[in-house]
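S.K.: First the structure, which I've put down as structure tokens, then a few questions once you've had a look.
The values are calculated or read from the model by the stated rules, or taken from the named source; none is laboratory data. Because the structure is predicted, anything quoted here is derived from the model rather than measured. Note: ideal-geometry Cβ built from the backbone for every residue, glycine included; neighbour counts use all protein chains shown. Just so you know, the surface numbers come from the protein's heavy atoms only, side chains and all, with ligands and any DNA or RNA stripped out. Shrake-Rupley method; radii C 1.70, N 1.55, O 1.52, S 1.80 Å.
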Amino acid sequence: MTRPVRIAVPLRVAVIDSGVHAQHPHVNGVAGGVSITPDGREDAEYIDRLGHGTAVTAVIREKAPDAEIYAVKVFHDSLATRIESLVHALDWSARNGMHLINLSLGTDNPQHEAVLGASVERLAGRGIKLIAAYEDSGIRWLPGCLSGVVPVVVDWDCPRDSYRTSMLPDGRMLYHASGFPRPIPGVAPERNLKGISFAVANVTGLIARES
């Protein structure tokens with residue numbers, strides 16, 4: 001009996017953040033992307049002018065060098081955006097065939113739970129994994145605390161090349177990961193960016209590598 005031939009489909013990862021500097025040596029290019037402007041338009045220019053998205057993307061690239069990474073820019077002048085832009089970015093990721101979405105951001109505003117819950121349901125219906133912060137410094141973040149999301153917390157004792165898991169009361173797996181980004185030669189870890197954003201990125205990269 002002959003076995004069917006299957007064409008391997010590259011894993012597609014959306015990084016919803018401040019864009020990316022694709023020529024950075026830790027990024028080594030991206031497959032494409034989009035900018036969601038504050039007035040709701042889609043623009044082709046997704047260059048990172050804040051640095052956060054590039055650092056997050058570098059973490060994922062380190063662990064999943066063969067993944068197709070797409071920059072979805074929602075942060076422009078600061079690390080803040082409108083809920084409408086975030087929902088737009090999630091929907092863009094679904095329409096464009098992403099398998100994983102890295103969301104190194106969140107909100108603690110309960111008024112946004114319904115609209116984000118609806119977005120999560122749309123993603124889950126397409127089989128897309130949304131990886132996001134669950135809790136940090138006693139604050140529970142949306143959409144990471146919602147059912148249907150891969151939830152992440154910081155574990156400063158966890159090595160950057162692994163994660164550990166525990167079980168939440170609702171039966172979901174909670175991922176614990178390092179909050180440190182990819183090291184920069186000559187820069188001490190305590191002087192570099194760090195925190196829950198990079199715990200999320202570390203988990204995204206590891207899940208991408210395992211997929």
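S.K.: Take the residues in region 112-137 that are closer than 21 Å to ASP39 by Cα and of a type outside the set (A, V, I, L, M, F, W, C); name whichever of them is least open to solvent (accessible area, probe 1.4 Å). Show your work before the answer.
M.R.: Let us first name the residues in region 112-137 that are closer than 21 Å to ASP39 by Cα, namely 112, 115-116, 119.
From what's left, of a type outside the set (A, V, I, L, M, F, W, C): 112, 119.
Numbers: HIS112: 47, SER119: 1 Å².
Per the stated criteria, the residue is SER119.
S.K.: Hey, does region 180-201 have a residue that's part of a loop (DSSP other than H, G, I, E, B), of a type in the set (Ser, Thr, Tyr) and within 17 Å of the chain's Cα centre (by Cα)? Break it down stepwise before answering.
M.R.: Let us first name the residues in region 180-201 that are part of a loop (DSSP other than H, G, I, E, B), namely 180-188, 192-195.
The next check asks that each one be of a type in the set (Ser, Thr, Tyr); those that pass are none.
So far as region 180-201 goes, no, none of its residues is part of a loop (DSSP other than H, G, I, E, B), of a type in the set (Ser, Thr, Tyr) and within 17 Å of the chain's Cα centre (by Cα).
S.K.: Okay, moving on. Listed residues PRO159, PRO169; which is modelled with pLDDT of 95 or more, assigned to a loop (DSSP other than H, G, I, E, B) and open to solvent by 20 Å² or more (accessible area, probe 1.4 Å)? Quick ask: steps written out before the conclusion?
M.R.: On the way: PRO169 fails: modelled with pLDDT of 95 or more.
Result of the check over PRO159, PRO169: PRO159.
S.K.: Within 19 Å of PHE198 (Cα to Cα) and small (Gly, Ala, Ser) - does that describe any residue in region 34-43?
M.R.: To start, the set of residues in region 34-43 that are within 19 Å of PHE198 (Cα to Cα) comprises none.
Looking for residues that are within 19 Å of PHE198 (Cα to Cα) and small (Gly, Ala, Ser), one finds none in region 34-43, hence no.
S.K.: Additional query: Determine which member of the set ALA80, ALA94, ALA114, ALA89 is part of a helix (DSSP H, G or I) and without any contact (Cβ under 8 Å) to a residue 24 or more places away in the chain.
M.R.: Working: ALA80 fails: part of a helix (DSSP H, G or I); ALA94 fails: without any contact (Cβ under 8 Å) to a residue 24 or more places away in the chain; ALA89 fails: without any contact (Cβ under 8 Å) to a residue 24 or more places away in the chain.
The unique qualifying residue is ALA114.
S.K.: Okay, moving on. Here are the criteria: (1) touching a Lys or Arg at 6+ places or on another chain (Cβ under 7 Å); (2) under 25 Å from VAL27 (Cβ atoms). Tell me which single one HIS176 does not satisfy.
M.R.: (2)
S.K.: Within region 43-67, how many residues are exposed (fewer than 12 other Cβ atoms within 10 Å of the Cβ) and not in a loop (DSSP other than H, G, I, E, B)?
M.R.: Number of matching residues: 1.
S.K.: So, in region 140-156, how many residues would count as being closer than 13 Å to ASN202 by Cα, open to solvent by 30 Å² or more (accessible area, probe 1.4 Å) and outside any loop (DSSP other than H, G, I, E, B)? Give the steps one after another, and end with the answer.
M.R.: Just the residues of region 140-156 that are closer than 13 Å to ASN202 by Cα, to begin with: 150-156.
Filter once more, keeping what is open to solvent by 30 Å² or more (accessible area, probe 1.4 Å): 154, 156.
Pick out the ones that are also outside any loop (DSSP other than H, G, I, E, B) and you get 154.
Qualifying residue count for the region: 1.
S.K.: Any residue that is over 21 Å from HIS24 (Cβ atoms), hydroxyl-bearing (Ser, Thr, Tyr) and out of contact with any Ser or Thr (no Cβ under 7 Å at 6 or more places or on another chain) - is there at least one of those in region 52-73? First the steps, then the outcome.
M.R.: Initially, region 52-73 is screened for residues over 21 Å from HIS24 (Cβ atoms), giving none.
Checked region 52-73: no residue is over 21 Å from HIS24 (Cβ atoms), hydroxyl-bearing (Ser, Thr, Tyr) and out of contact with any Ser or Thr (no Cβ under 7 Å at 6 or more places or on another chain).
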